[in-house]
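A.B. asks: Here you go, one structure.
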Number of protein chains: 2
Amino acid sequence: MRADAQALKGHLDVLLLATLNDGPQHGYAIKEALRDGSGGRFDLPTGTVYPALHRLERAGLISGSWSVVDGRRRRSYQLTAEGHKKLAGERANWREFATAVTTLLEPGPWPTAT
Amino acid sequence: MRADAQALKGHLDVLLLATLNDGPQHGYAIKEALRDGSGGRFDLPTGTVYPALHRLERAGLISGSWSVVDGRRRRSYQLTAEGHKKLAGERANWREFATAVTTLLEPGPWPTAT
DNA sequence: CACCCATAGCTAGGATTACTACCTATCCGC
DNA sequence: GCGGATAGGTAGTAATCCTAGCTATGGGTG
């Protein structure tokens, strides 16, 4: 398992939604967008991406449609209205979460001096 | 379950280590430090904190010792040398992770306006 | 033609981990 | 005596990411 395998937990959905915010994409393209957009850090296996997309679709946050390109079938997804709302909320949520963690990670105020 | 129940996954350990970096603490005090230091955001149940501390102790990152204060037994933990190293690595890891996520969450370069 | 790789999609099961719910015990205030 | 805060703990559940495997097409190579 990757070193930060658990690190993504709970944050993958917002990354997928954010990627789709740049326009409709199919799963494989989303996977590549995350890899390239993160400098290779989020090179997710398909077994992570596809189930997550299904989860988002079941939740009504994205909607998918089949098409065929070069003889290969594709499922393209786009954000629903609910997905847009969710993305906005999750973005704010991430900011707060990241701020809280970063603050706690700062070396504490040592009670030595003074 | 809390809204961001999964958000902490993989990040709790570094928070515990960082709290102990400010000096030895017992579990209950750590729990309060995280709550207060996060503006109430990380108000973790004891069923989250204690098992996590046991995990870190098993991993050799912290070491605990029993004491009795006011008739109540306490288990105080402090970072081991390995724990210090782990904390440094995890802090760097968090910075990279947070940067990657934040970058991906930034509104994409819209091809509309200029 | 046979074969492999990249593209594109999918699933079952395992592993990890935070949470819920519950328990024990002491001290203090009412 | 009783409840609440302090202090510690466990068992079992839920969520979700990963591993490993599968199907299928098109293009390139031997």
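The values are calculated or read from the model by the stated rules, or taken from the named source; none is laboratory data. All values derive from a computational prediction rather than experimental measurement. Cβ atoms come from the backbone with ideal geometry, glycine included; neighbour counts cover every protein chain shown.
A.B. asks: Residue B:4 versus (1) in contact with a helix residue (DSSP H, G or I) (Cβ under 8 Å, 6 or more places away or on another chain); (2) more than 9 Å from DNA strand D (Cβ to nearest atom); (3) at pLDDT 90 or above: which is the lone unmet condition?
C.D. replies: If we test residue B:4 against (1) in contact with a helix residue (DSSP H, G or I) (Cβ under 8 Å, 6 or more places away or on another chain); (2) more than 9 Å from DNA strand D (Cβ to nearest atom); (3) at pLDDT 90 or above, just (3) comes out false.
A.B. asks: Could you go through the range A:77-96 and let me know if any residue there is surrounded by fewer than 14 Cβ atoms within 10 Å (Cβ to Cβ), more than 16 Å from residue B:105 (Cα to Cα) and either hydroxyl-bearing (Ser, Thr, Tyr) or modelled with pLDDT of 95 or more (or both).
C.D. replies: yes
A.B. asks: Would you be able to say whether some residue in the range B:33-42 is facing chain A (nearest Cβ under 9 Å) and either of a type in the set (S, T, N, Q) or surrounded by fewer than 16 Cβ atoms within 10 Å (Cβ to Cβ) (or both)?
C.D. replies: Looking for residues that are facing chain A (nearest Cβ under 9 Å) and either of a type in the set (S, T, N, Q) or surrounded by fewer than 16 Cβ atoms within 10 Å (Cβ to Cβ) (or both), one finds at least one in the range B:33-42, hence yes.
A.B. asks: Considering only residues that are near DNA strand D (Cβ under 10 Å from one of its atoms), away from every other protein chain (no Cβ under 14 Å) and either closer than 9 Å to residue B:26 by Cβ or in contact with a helix residue (DSSP H, G or I) (Cβ under 6 Å, 6 or more places away or on another chain) (or both), which ones fall in the range B:51-74?
C.D. replies: Of everything in the range B:51-74, those that are near DNA strand D (Cβ under 10 Å from one of its atoms), away from every other protein chain (no Cβ under 14 Å) and either closer than 9 Å to residue B:26 by Cβ or in contact with a helix residue (DSSP H, G or I) (Cβ under 6 Å, 6 or more places away or on another chain) (or both) turn out to be B:53, B:64, B:67, B:69, B:74.
A.B. asks: Would you be able to tell me the number of residues in the range B:55-66 that are assigned to a helix (DSSP H, G or I) and surrounded by 15 or more Cβ atoms within 10 Å (Cβ to Cβ)?
C.D. replies: Summing the residues that are assigned to a helix (DSSP H, G or I) and surrounded by 15 or more Cβ atoms within 10 Å (Cβ to Cβ) in the range B:55-66 gives 2.
A.B. asks: Are any residues in the range B:20-32 at the interface with another protein chain (Cβ under 9 Å from one of its Cβ atoms) and assigned to a helix (DSSP H, G or I), and if so, which ones?
C.D. replies: If the condition is that a residue be at the interface with another protein chain (Cβ under 9 Å from one of its Cβ atoms) and assigned to a helix (DSSP H, G or I), then B:21 is the only one that fits.
A.B. asks: Inspect the range A:81-98 for any residue being within 27 Å of residue B:88 (Cα to Cα), over 17 Å from the mean Cα position of the chain (by Cα), within 14 Å of DNA strand C (Cβ to nearest atom) and within 14 Å of chain B (Cβ to nearest Cβ) and give the result as yes or no.
C.D. replies: No, every residue in the range A:81-98 fails to be within 27 Å of residue B:88 (Cα to Cα), over 17 Å from the mean Cα position of the chain (by Cα), within 14 Å of DNA strand C (Cβ to nearest atom) and within 14 Å of chain B (Cβ to nearest Cβ).
A.B. asks: Is it the case that the range A:75-98 has a residue that's in contact (Cβ under 8 Å) with a residue 24 or more places away in the chain, within 11 Å of DNA strand D (Cβ to nearest atom) and not in a helix (DSSP H, G or I)?
C.D. replies: no
A.B. asks: Right, another one. Taking the range A:35-54 only, how many residues are in contact (Cβ under 8 Å) with a residue 12 or more places away in the chain and either among the β-branched types (Val, Ile, Thr) or within 16 Å of residue A:10 (Cα to Cα) (or both)?
C.D. replies: Within the range A:35-54, residues that are in contact (Cβ under 8 Å) with a residue 12 or more places away in the chain and either among the β-branched types (Val, Ile, Thr) or within 16 Å of residue A:10 (Cα to Cα) (or both) number 8.
A.B. asks: Right, residue B:17: surrounded by 19 or more Cβ atoms within 10 Å (Cβ to Cβ), in a helix (DSSP H, G or I), away from chain A (no Cβ under 12 Å) and within 11 Å of the chain's Cα centre (by Cα) or not?
C.D. replies: Criteria not met by residue B:17.
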